[in-house]
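The values are calculated or read from the model by the stated rules, or taken from the named source; none is laboratory data. None of the values given here were measured: they were computed from a predicted structure. The protein model used for the area step is the full one, side chains on, heavy atoms only, and it has no ligands, DNA or RNA in it. Shrake-Rupley method; radii C 1.70, N 1.55, O 1.52, S 1.80 Å.
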Amino acid sequence: MKVKQSSIRSLEGLKTFSYLEELILDNNLLGNDLLLPRLPHLHTLTLNKNQITELESLLDHLAEVVPSLQYLSLLGNIACPNELVCKEKDEDDYQRYRYFVLHKLTNLKFLDTRKVTRREREEALIRGAFMKVVKPKDAKASSAAASASPESHYTPLPSGSRDLTNHREITMPFKHYVRKPYLSRLQILTHIK
């Protein structure tokens, strides 16, 4: 089934086509709320040039509802970091994306316009789970959250050493280091007290 460029936002009507094998939904308004019905025979799905920004939830959904999927294309979506579409992305970003997708959808033979190689499949098994792209939080939202809860400020220093006006000078004669060079850091700190 091929759907020409339109304003499709929902795929509810597809549940009556349970034997559907190929679905082309390019150039639509499908976003992160995309829900496909269970289509056990679907082997080809193209979602090029839609409004998909969240990759992991889409892949989890596809793994559940289209178990026979072998051909997938997501080009032209923000979720697909292709350097031809987004100038800030490069081939490394795209390759990490491929590993992550192949980790989630292990039956794919083609992803976007390229055939899945044996090396990619092996790399996806080993490192695919770690190739998830994590987006930084909005700077305004994170600074507002940080000011709302002071516990969110992380510091490796104990609370007593955060005050810049409250310092204790620790002096130790140099001879202790010379005489006992084998002391560990913990032993030195214990020895000072």
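Counting heavy atoms of the protein chains alone, H43 has an accessible area of about 60 Å² for a 1.4 Å probe. Summed over the residues of segment 51-116 and divided among them, the accessible surface reaches 49 Å² per residue at a probe radius of 1.4 Å. Computed with a 1.4 Å probe over protein heavy atoms only, the accessible area of S10 comes to about 70 Å². Computed over protein heavy atoms with a 1.4 angstrom probe, the accessible surface ordering of Y97, Y19, Y71, largest first, is Y19, Y71, Y97. What the Cα convex hull of segment 28-122 gives, in volume per residue, is 88 Å³.
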